[in-house]
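Working notes for the structure below.
What follows draws every value from the coordinates through simple rules; no lab data is involved. This is a predicted model, so every value here is computed, not measured. Backbone-built Cβ (ideal geometry, glycine too); neighbour counts: all protein chains shown.
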Amino acid sequence: MKFGIQINEGPYQHQASDTAYQFTKAALENGHKVYRVFFYHDAVNNATRLAVPPQDDRNITKNWQALAKEYNLDMVVCIAAAQRRGLLDENEAKRQGKDASNIAEGFRISGLGQLIEAGIQSDRLVVFGD
Amino acid sequence: MKFGIQINEGPYQHQASDTAYQFTKAALENGHKVYRVFFYHDAVNNATRLAVPPQDDRNITKNWQALAKEYNLDMVVCIAAAQRRGLLDENEAKRQGKDASNIAEGFRISGLGQLIEAGIQSDRLVVFGD
Amino acid sequence: MLLHTVNKSFERNSLDACLRLAKAGSTVLLIEDGVYAAVQGTCLEGKLKQAMDTGINLCVLAPDLLARGFATDKVIAGINAVDYAGFVQLAADHSSVQSWL
Amino acid sequence: MLLHTVNKSFERNSLDACLRLAKAGSTVLLIEDGVYAAVQGTCLEGKLKQAMDTGINLCVLAPDLLARGFATDKVIAGINAVDYAGFVQLAADHSSVQSWL
Amino acid sequence: MSEEMMDDEEGVIKKFMYVNRKAPYGSIYALESLEVVLIGAAFDQDVSLAFIDDGVYQLMKGQRTSGIGMKDFSPTYRALEMYDVEKLYVDQDSLAARNLTADDLIVPVEVLSSAEMADLMEDQDVVLSF
Amino acid sequence: MSEEMMDDEEGVIKKFMYVNRKAPYGSIYALESLEVVLIGAAFDQDVSLAFIDDGVYQLMKGQRTSGIGMKDFSPTYRALEMYDVEKLYVDQDSLAARNLTADDLIVPVEVLSSAEMADLMEDQDVVLSF
């Protein structure tokens, strides 16, 4: 079965990103497909490469990156939500005249249409939020 | 009277940052002093210089910067919360081996002791959160 | 006496907790989504009137109320509308501020 | 039938909303802070038992329950404990998933 | 895949429901949910919006946001019709608890009983919550 | 400045109360609140912790977090005594609603009635909420 995943909250602040990660991992490990993970609202902050969580804590961004690498997972960050909150890739940084970017490898920035498409293409869309 | 301000939530996602801004502005305009604004939890994201909110929306970071400039406001971002969430100044970026920083001018990164100190030195500490 | 702020509507239990632990003579200021509780005729009206009867002062942040589509004449009698400067003054006039997050 | 997820405890009204709008035959899975509602003897037990009586299936995410200090034997009789793989299976077995945020 | 799905030359049509349970301005969910609806309208799916609990406040007439420094986005609900988004359902119990009727709302809606709302939800392929 | 404040050679001593109303793990407030308490202990203020509503869950015995991939920080509550943070107050009504007693909690606490908790709060100089 093919799942789509939507996440609404920032990592660490709420458990939504953790639960979404555990759900996605379990789905993939049990032979299901995950069509796309879509990071919306504050969940765009999952995609920063600048975070340095404490050594004895999980690193949520790295967890996603490892999962994406192993299963070729499509991880999409909503561009409108990302602009509002200061998440940029290099192209966006140039376009907006910003002097730095902060998106981690493995995430891509794209439009809200990608969420709708995930709803259409997946057998089940599962939302994690607050 | 001297106020201390604590904010717990990210800008845009929750109204806490807006209300804290309006409260701080009103206090200053009415002749009070604001000893410090302390950005904790996801509120550290108030301090990013990379955000590009829609043209017809408020720019919360710029609002803070303007207020700070006019009233010489001390705006402190909690270092532990900021590390976890990917907010870094240039020194921190170097120290952590990160290739970019994203803190906006007018904000400084410091420890949680600055919040306690704000509680001690202010006549009233007011907390804005979710 | 304390100034209490409540910023959540029916969705949360913060208003209940606040009213249970606020003492007579203290002030409860409804802000952000908390302002809906100040509107006449909702299922919360009884609770707020009871709180006022026990000597709790109730206020509502007018800019938040107007933003949400309610004019100040929709507010339960006895609840005072204040602006941000009024919020600052309330914080100054009470011994400390407790935010019911 | 729908799978409903609820991730908030007593603090929010999401469980109430979910139980009011969930149909007989559908499943309600308690996750994150929602798992506290599955524990025996709390003020929510009556509501959950009533939901089961009307034909709603109740499940709880065991890893969240254990993290919060409750063993699965503290759960109200009739509520099934599942792990993340079980959560995935529930999502697959129902026609769609509604998250009560 | 659900039985309600149809194939035609333009692809599948699924039943999408947007569930709104949060008040506007206190948090961003109402606004960013609406942004998804607008983008999603281009995908020619079968779209419904449900307003439950505090979500009914999103549709209040007479919102005046200048005092809080935020943009009043409620007129956008009136524009939904132009996007062929015409199925707006409001929960009767939620209105009643808030001393509201359909006359207080900025757009025409269909008011549903709990049983009707439950039936409608059961009939969806994709449920997006914010 | 309040009447409870005293001046000695080391400066003022204020009554600080940390109010905890949220469950652990579902959100970060419990953990980051505890971090403030630990840092704040160095300031030699008169510190109290109040646990109300879902906040009482922070103190549950037997937390086993390996299944959710997060760190169990509950042992830190046991360490508070070494920091001379010894005034832990728990709301009786909140325990009762959750079918808990003081025996279920990881540290010794003082259980208070609503009236006692209200009196205690009234007596504080600084109230930090998370």
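For the rotation that carries chain F onto chain E, the axis lies closest to a Cβ at F:SER27, 7, where the number is the distance in whole Å. Binning the alpha carbon pair distances of the stretch A:2-128 at 5 angstrom intervals from zero yields the distribution 2, 12, 22, 25, 20, 11, 5, 2, 0, expressed in whole percent. The rotation axis taking chain B to chain A passes closest to this chain B residue's Cβ, listed with the gap in Å: B:ALA100, 2.
Comment: the Cα-to-Cβ extended label point of A:ASP99, at 7 Å, lies 1.8 nm from its counterparts in the other copies, nearest first. Here the sum of -39500 (n - 2.57) over DSSP H runs of 4 or more residues, divided by the residues of the protein assembly as shown, equals -9000 deg cm²/dmol at 222 nm, to the nearest 500.
Candidates E:SER74, E:ALA50, B:GLN65 compared by Cα position along the dipole of the protein assembly as shown: farthest toward the positive end lies B:GLN65, with charges placed on Cβ.
Per the Debye formula on identical point scatterers at the alpha carbon atoms of the stretch D:2-94, with no solvent, log10 I(q)/I(0) at q = 0.23 Å⁻¹ is -1.22.
Contact order, relative form, for the stretch B:2-128: 35 percent (alpha carbon pairs under 8 Å, 6 or more residues apart, mean separation divided by residue count).
For the stretch A:2-128, the residue among A:ILE116, A:SER101, A:ALA27 whose Cα projects farthest onto the positive side of the dipole built from Cβ charges is A:ILE116. For chain B, the longest principal axis of the Cα atoms and the long axis of helix B:60-71 meet at an angle of about 50 degrees.
Axis-proximal residue of chain C for the rotation onto chain D, reported as residue and distance in whole Å: C:ARG12, 3, based on Cβ position.
Placing +1 on each Lys and Arg Cβ and -1 on each Asp and Glu Cβ, with no other charges, gives chain C a dipole about its Cα centre of roughly 240 debye. Just the number, please: percent antiparallel of the DSSP beta bridges in the stretch C:2-94, rounded to the nearest 5. DSSP beta bridges in the stretch C:2-94 are roughly 10 percent antiparallel. Take the Cα of B:ASN59, step 7 Å toward its Cβ, do the same at F:GLU86, and the gap between the two points is 5.4 nm. Using all pairs of distinct alpha-carbon atoms, the Kirkwood hydrodynamic radius of the protein assembly as shown works out to 25.8 angstrom. With coordinates expressed along the principal axes, the C-alpha atoms belonging to the stretch A:78-130 extend over 41, 24, 19 Å, beginning with the largest.
Cβ-to-Cβ counts within 10 Å put E:ILE28, F:ILE39, B:ILE120 in ascending order as F:ILE39, B:ILE120, E:ILE28, the fewest first.
Remark: label point of F:GLN92 defined 7 Å out from Cα along the Cα-Cβ vector; separations to the same position in other copies 4.3 nm, ascending. Taking the fewest neighbouring Cβ atoms within 10 Å as the starting point, the ordered list for D:LEU66, E:LEU59 is D:LEU66, E:LEU59.
For the protein assembly as shown, the dipole from Cβ point charges (+1 on Lys and Arg, -1 on Asp and Glu) about the Cα centre works out to 880 debye, to the nearest 20. Using the Cβ-Cβ distance between D:ASP73 and E:VAL12 with R0 set to 56 Å, the FRET efficiency works out to roughly 0.80. Rounded to the nearest 20, the size of the Cβ-charge dipole of chain B about its Cα centre is 260 debye, with Lys and Arg at +1 and Asp and Glu at -1.
Return the whole-Å distance between the Cα centroid of the stretch D:1-74 and the Cα centroid of the stretch A:66-91. Spelled out, the Cα-based centre of one part sits 33 Å from the other. Summarised in one figure, the compactness ratio Rg/Rh of chain F, Cα atoms and Kirkwood Rh, is 0.98.
Neighbouring Cβ atoms from other chains, within 10 Å of the Cβ of residues in B:15-27, number 6 on average.
Take E:ARG78, push a point 7 Å out from Cα through the beta-carbon direction, and compare it with the same point in every other copy: 6.3 nm, smallest first.
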